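K.L.:
So that we are looking at the same thing, I have put the structure below in structure tokens.
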Amino acid sequence: MDRDEEHTFGDSPPRGDPRTPSEEERARLIYSLLLPAVRTARQFKVPLGELIRWLKLAYFHELRASGLTLREASDVMEVSMPTTARLSRALKGSFYAPEREHQLPQRIEFLLWADGQSRARIHQCLPDYDNEDIDAALQQMQGEGRLRVSGDREVFEVVKSEARLVRGDWVARIGSLNSLLDNLSDAVWQRLILERPEAFARTLNFRIRDVDIAELRTFYEEELWPRMSRFDEAARSWAARRSVKLSIFWAPSDHPSE
């Protein structure tokens, strides 16, 4: 079995401030992170023009999600205001609406995972959603028994802290993919730019018999998940705590067996 530790973002001493990568390092980092997208585009034979349209929309989406106004997003992207207005309409259009509708409850649940929050605070933490949509999602989640409201300040809390968030439809699976890639992005930034030792990444390459592949799922269900659940429960009453996202995935390699 190969442990690709030296290739998985590397271990570096902690730094007090983010490092400033060179222009070449920045280009290489972004280029590498584009690989999953362009590899999938190649498999679907997506034309370059269509791929560029999705890139523009995704970049605009990220800027708006970070709290930037249309004008600020226009300045960062170095495009005209009419262009950002078109991107805004596309983002709110029928293509992305089902995905946003699915993602919103997941984002609310993650936001409330450790502590309850007021309605105003939830609005503040989700600037890329309209307050009316957030309120509708809160009402829906209360009706589904996923949230409860306590106290005079109307604090929303997650009812079931061990919700697995596993759903089978296509939009839900895309939402789960977004969550995984969001965590990957955080890990890359914290490992390569902030050089924080708390962020961790490892890749193992190993051989396995077909009859043993099911054991990987058993390991997750019976060992990894229960331990993470114990960590989460212990942190609820602990002052010095933080939120951590852990992603685990595997896939058989297409390379010939060695």
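K.L.:
Of all residues in the stretch 52-110, which are among the aromatic types (Phe, Trp, Tyr) and either surrounded by 18 or more Cβ atoms within 10 Å (Cβ to Cβ) or modelled with pLDDT of 90 or more (or both)?
P.N.:
Trp54, Tyr59, Phe60
K.L.:
Right, here's the next one. Is there a residue in the stretch 21-40 that is farther than 24 Å from Ile193 by Cα, modelled with pLDDT of 95 or more and either over 23 Å from the mean Cα position of the chain (by Cα) or surrounded by 13 or more Cβ atoms within 10 Å (Cβ to Cβ) (or both)?
P.N.:
No, because not a single residue in the stretch 21-40 is farther than 24 Å from Ile193 by Cα, modelled with pLDDT of 95 or more and either over 23 Å from the mean Cα position of the chain (by Cα) or surrounded by 13 or more Cβ atoms within 10 Å (Cβ to Cβ) (or both).
K.L.:
In addition: What single numbered condition from (1) touching a helix residue (DSSP H, G or I) at 6+ places or on another chain (Cβ under 7 Å); (2) modelled with pLDDT of 90 or more; (3) over 18 Å from Leu33 (Cα atoms) fails to hold for Ala199?
P.N.:
Condition (3) is where Ala199 drops out.
K.L.:
For the stretch 48-87, what are the residues that are assigned to a loop (DSSP other than H, G, I, E, B), more than 17 Å from Pro127 (Cα to Cα) and touching a helix residue (DSSP H, G or I) at 6+ places or on another chain (Cβ under 9 Å)?
P.N.:
Correct list: Val79, Ser80.
K.L.:
Which residue pairs have Cβ atoms closer than 7 Å, lie 6 or more positions apart in sequence or on different chains, and pair a first residue in the stretch 43-55 that is touching a residue at least 12 places away in the same chain (Cβ under 8 Å) with a second residue that is of a type in the set (A, V, I, L, M) and assigned to a helix (DSSP H, G or I)?
P.N.:
So the pair list comes out as Leu51/Ala41.
K.L.:
Tally the residues that are modelled with pLDDT under 80 and in contact with a helix residue (DSSP H, G or I) (Cβ under 8 Å, 6 or more places away or on another chain), restricting the search to the stretch 133-163.
P.N.:
3
K.L.:
Next up: Identify the residue in the stretch 126-141 that is over 21 Å from the mean Cα position of the chain (by Cα) and touching a residue at least 12 places away in the same chain (Cβ under 8 Å) and, among all such residues, is surrounded by the fewest Cβ atoms within 10 Å (Cβ to Cβ).
P.N.:
Filtering the stretch 126-141 for residues over 21 Å from the mean Cα position of the chain (by Cα) gives 131-132, 135-136, 139-140.
Subset that is touching a residue at least 12 places away in the same chain (Cβ under 8 Å): 135, 140.
Details: Asp135: 13, Gln140: 15.
Among residues in the stretch 126-141 that are over 21 Å from the mean Cα position of the chain (by Cα) and touching a residue at least 12 places away in the same chain (Cβ under 8 Å), the one surrounded by the fewest Cβ atoms within 10 Å (Cβ to Cβ) is Asp135.
The values are calculated or read from the model by the stated rules, or taken from the named source; none is laboratory data. This structure is a prediction, so every number in the text was calculated from the model and none was measured. All Cβ positions, even for glycine, are placed from backbone atoms using ideal geometry, and neighbour counts span all protein chains on display.
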